[in-house]
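Undergrad: Okay, here's the structure, questions in a sec.
The values are calculated or read from the model by the stated rules, or taken from the named source; none is laboratory data. Please read these numbers as outputs of a predicted model, since none were measured by experiment. Neighbour counts are summed over all protein chains in view; Cβ atoms, including those assigned to glycine, are modelled from backbone coordinates with ideal geometry. With ligands, DNA and RNA removed, areas are computed over all heavy atoms of the protein, side chains included. Shrake-Rupley method; radii C 1.70, N 1.55, O 1.52, S 1.80 Å.
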Amino acid sequence: MRGRPGPTAGKPPRTDTDKETGTAGTGTAGTGTVSPAPVASRTARVGPLARGALLRWLVLALAVGVWQLAARAHGSVYFPPPGRIAHHAYDLWFSGPARQLFLTDAAVDNILPSLGRMAAGFALAAVAGVALGIAVGRSRRAYALCNPVLQFARAVPPPALVPVFVVVLDFGTQMQVASIAFSAVWPVLINTAEGARNVDPLRLEVATVLRLTAFERLWLLLLPSALPRIFAGLRLTLSLSLILMVFSELLPGTANGIGFTLTDAQSRSDLLTVWAALVLLGALGYLLNTGLLTVEKRLIGNGRPQ
């Protein structure tokens, strides 16, 4: 007569802990549950991010509150409280009908043209800067020859170039877009060239061994390696585009735009509109930079090309 098989046959012995939790060995007894470790890890990451965002908004709220109290206490017509500025901006630009996305005629006539000029100048500067930067950065000889010219062009103050564009293109949208694009192209061009120049030599050797084509090297090696520097240049170019957009609209011959609104309000001593335009420019700069940072994190994560 054969004896009953021992406890080691078929599965590991159950311990007292296993009996209490319903597990056998290291597995889970038919429950199909997932270890809470990934959930806890995600929670641990979200916590500091939420606290950081909350702290930033608290600092902003504190600054606005101090401004509100100081403006009310001082009572100066030159420094209105932020509550009045926000209410005036709402009445001036954001109280329109729903069919216009709540934008008033003043917003359509001034904010949208400004954004269009800035977007056109930024797009031209970004495309030209990335293309020329990759072309210059791929060759050490080309970089050495072009670097003095790039540094000289970058050092020229953008407002100093406006008279040249006025002579060549006359006043108007073409002059404004050209001045924005030409003056804002240098940060992204130089950063892209630096990024393409500093590609890991080991990766270049691997590309040679794999016999990658020129397009494959560009798409699979140079662009991913240079993306962190490209986005660093794009952020500078975006800020310059916003500044140059306002400056180009301060010139004679401009009939609309946020810069035109500033000069028109200043000529009429409408200080509420001046402050509203300044706050609007700050908000636009923050939103545009946040959007670009979101795209950057989506593409390269924590600084590593995907």
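Undergrad: Report the Cα centroid-to-centroid distance between the range 240-306 and the range 71-118 in angstrom, as an integer.
TA: That distance is 13 Å.
Undergrad: Moving to a separate point now. Mind computing the radius of gyration and Dmax over the alpha-carbon atoms of the range 51-123? Å is fine for both.
TA: Every Cα atom of the range 51-123 included, Rg and Dmax give 16.6, 45 Å.
Undergrad: I would also like to ask the following. At 1.4 Å probe size, what's the solvent-accessible area of Thr263? Round to the nearest 10 Å².
TA: Thr263 exposes around 50 Å² with every protein chain in place.
Undergrad: Can you tell me the length gained on complete extension of the stretch His87 to Thr213, counting 0.36 nm per residue apart and subtracting the Cα distance?
TA: 39.5 nm
Undergrad: Hey, another quick one. Sort Ser95, Ser114 by heavy-atom solvent-accessible area, probe 1.4 angstrom, most to least. Intermediate results must be reported in sequence, preceding the final value.
TA: Working: Ser95 55, Ser114 0 Å².
Highest to lowest solvent-accessible surface, that is Ser95, Ser114.
Undergrad: Follow-up. Can you sort Trp219, Trp93, Trp186 by solvent-accessible area, 1.4 Å probe, largest first?
TA: Trp219, Trp186, Trp93
Undergrad: Which of rounded, prolate, oblate describes the range 228-292, given a ≥ b ≥ c as roots of the alpha-carbon gyration tensor eigenvalues and a/c under 1.5 marking rounded, otherwise prolate only if a/b is larger than b/c?
TA: Numbers: a/c = 4.11, a/b = 1.96, b/c = 2.10.
Because a/c hits 1.5 or more and a/b fails to exceed b/c, the range 228-292 counts as oblate.
Undergrad: Let me ask another. Taking 0.36 nm per residue of sequence separation and subtracting the Cα-Cα distance, how much length would be gained by fully extending the chain between Leu202 and Ala283, in nm to one decimal?
TA: 24.8 nm
Undergrad: Okay, moving on. Find out how many positive minus negative residues lie around Ser139, taking Lys and Arg as positive, Asp and Glu as negative, among other residues whose Cβ is under 14 Å from that of Ser139. Display every interim value, and only then the final one.
TA: On the way: positive: Arg138, Arg140, Arg141, Arg197, Arg217; negative: Glu194.
Once all neighbours under 14 Å are counted, the net charge is +4.
Undergrad: Heads up, I need the accessible area for Phe94: 1.4 angstrom probe, whole protein in place, Å², nearest 10.
TA: 80
Undergrad: Of the listed peptides 142-155, 121-134, what is their order by residue-averaged count of other C-beta atoms within 10 Å, with the highest listed first? Spell out each step's value before the answer.
TA: Details: 142-155: 12.6, 121-134: 20.6.
Packing order, densest peptide first, comes out as 121-134, 142-155.
Undergrad: I need the peptides 230-238, 158-166 ranked by packing, meaning the mean over residues of other C-beta atoms within 10 angstrom, with the highest value on top.
TA: Top of the packing list down: 230-238, 158-166.
Undergrad: Carbon-plus-sulfur fraction of the accessible area of the range 108-209, 1.4 Å probe, in percent?
TA: 69
Undergrad: As a test question: what accessible area, to the nearest 10 Å², does Asp109 have when a 1.4 Å probe is rolled over all protein chains in place?
TA: 90
Undergrad: Report the local net charge at Gly253: Lys and Arg +1, Asp and Glu -1, summed over other residues whose C-beta lies under 14 Å from its C-beta.
TA: Spelling it out: positives minus negatives among the neighbours equals -2.
Undergrad: Right, next: Per residue of the range 58-63, in order, report the coupling 6.51 cos²θ - 1.76 cosθ + 1.60 (Karplus, θ = phi - 60°) as ³J(HN,Hα) in whole Hz, putting x for Gly and Pro.
TA: Once rounded to whole Hz, the list reads 5, 4, 4, 4, 5, 5.
Undergrad: Now a separate question. Whole-Hz Karplus ³J(HN,Hα) for the range 96-103, in order, using 6.51 cos²θ - 1.76 cosθ + 1.60 and θ = phi - 60°, x for Gly and Pro?
TA: Residue by residue, the range 96-103 yields x, x, 5, 5, 9, 6, 6, 8 Hz.
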